[in-house]
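Notes for the one structure printed next.
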Amino acid sequence: MSEIKIKQIEKGQESIVCEIHNNSFSYWIENLGILYGYKYLENKDVENWLLNERSFVLIAYDNEEPVGYVHYQIEDIVGDKKTVRNLVFCETKESLGQSKIGVLSANRRKKIASKLMQKALEKSKQFETDTALFLAYNQNLPVTGLLTNLGFSHKKLYYFEPFSKVKPYVQDAVLAKFDLSQELPNIKLNQDVVIRKISIEDLSSLQGIFGESRPDVFGSNPTYDQVREWYQSAWGEVTLIAEFEEQVVGCMEFTSLGVIGIPGVLLEYRKQGIGSTLFYHLLLEMKNSGKEKALADTGYILQDAINLYKKFNFNLSRELWAWVKIL
């Protein structure tokens, strides 16, 4: 008879987690790859998980054989009304959603994933957690059933009153995808906009762009040092600037993998085709640089960005759903 035991990882057991993960997700790693956040784990990856003193890994054993793991951590989220303590079932690669829980295929009908999560929820009580969060793609029906059975609930914009009445606590994200082997759509461009690559002289102008378009990044009043740190991080392989009437009014970028970042366009310059013109040139730059796909991860509250992806015929069928359990 099968006997399932769950134990916290010990030093030197990192390779166990890697083996379970790499066997469980080999299909997705080989077919979707790093652009979608799927990669083979190495020992150093698991070691990095455990550098945070509030980050934990549990391993499930079936008759003494390791068959599954879960990675979770405790984080504090500062809201308008209070700081909420959240148990997060961590993503293997931040923001792109590779699974944070893995079970070998031969053992998946033994409710091991459920037992791992229940143990994590139980252990989190010592931290007096308020909520638990799990991110999962809308196409992952087994996980949808698992989370429903564990008492998690899903909403596109999830409001939690102790956090804020006006800001969503968590939200779904759209994974927008475009095949760059296609012709770009025939978009009416604003011929008065100048598109060029970013320079360090643009950073003071970007304070306003980040503050108005992406307050979720640095807040509504970013400092010059915050924008400079973003610039020096070289996250983007190419960053393009839109100039209109001799002013810097917009900014967009993409990474070496083809992931798009959109700080956006200043509010007073919207509805004039500036964002569409900038985005068209960004995709053209990606296409000319040999990128095969363009990918963007966009929260539902950023409706202007989602509308832009629709306008350019991006595939928006894949969504990353936020599931919450009130503890």
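All of the numbers you see were taken from the coordinates with simple rules; none came from a lab. Source: prediction; values computed, not measured. Methodologically, a virtual Cβ is constructed for each residue, glycine included, from the backbone with ideal geometry; neighbour enumeration extends over all protein chains shown.
Data table
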item	result
Rounded tilt (10° steps) of 274-288 against the dominant C-alpha axis of the chain	70 degrees
Contact order relative to length of the chain, as percent, for alpha carbon pairs under 8 angstrom and 6 or more apart	19 percent
ASN138/ASN190 FRET efficiency (R0 41 Å; Cβ-Cβ; nearest 0.05)	0.70
Charge dipole (the chain, unit charges on Cβ, about Cα centre) - positive-most of TYR36, TYR309, PHE89	PHE89
Stretch gain in nm, segment PHE127-SER26, where the contour uses 0.36 nm per residue and the Cα spacing is subtracted	32.9 nm
Between region 209-234 and region 266-327, the Cα center-to-center distance that results, in Å	19 Å
Positive-pole candidate from ILE74, TYR137, VAL46, dipole of the chain, charges at beta carbon	TYR137
GLU3-GLU19 pseudo-label distance in nm [points 7 Å out on the Cα-to-Cβ vector]	2.1 nm
Cross-link reach list, lysines versus LYS81, counting only Cα pairs under 29 Å and skipping chain neighbours closer than eight places	LYS123, LYS125, LYS155, LYS156, LYS165, LYS167, LYS325
Over region 1-131, relative contact order from alpha-carbon pairs under 8 Å, at least 6 apart, %	26 percent
Rounded to whole Hz, the Karplus (6.51, -1.76, 1.60) HN-Hα couplings of region 166-181, x for glycine and proline	10, 9, x, 5, 9, 8, 5, 10, 9, 9, 8, 9, 9, 7, 6, 6
Net charge dipole size for region 182-291 [Lys, Arg +1 and Asp, Glu -1 on Cβ; Debye, nearest 20]	360 debye
Cross-link reach list, aspartates and glutamates versus LYS39, counting only Cα pairs under 17 Å and skipping chain neighbours closer than eight places	GLU14, GLU19, GLU30, GLU47, GLU91, GLU94
Charge dipole (debye, nearest 20) of region 4-171; +1 at Cβ of Lys and Arg, -1 at Cβ of Asp and Glu	660 debye
Proximal lysines relative to LYS177, as straight alpha-carbon distance under 17 Å, when same-chain residues fewer than 8 apart are discounted	LYS287, LYS291, LYS293, LYS310, LYS311
Farthest positive-ward along the chain dipole, Cα basis, beta-carbon charges - from SER105, LEU320, MET286	SER105
Within the chain: Cβ-based charge dipole about Cα centre, in debye rounded to nearest 20 (Lys, Arg +1; Asp, Glu -1)	1240 debye
Relative contact order (%) - criterion: Cα under 8 Å, at least six apart; region: region 182-291	31 percent
Built amide H within the under 5 Å cut-off of GLY299, gap 5+	VAL174
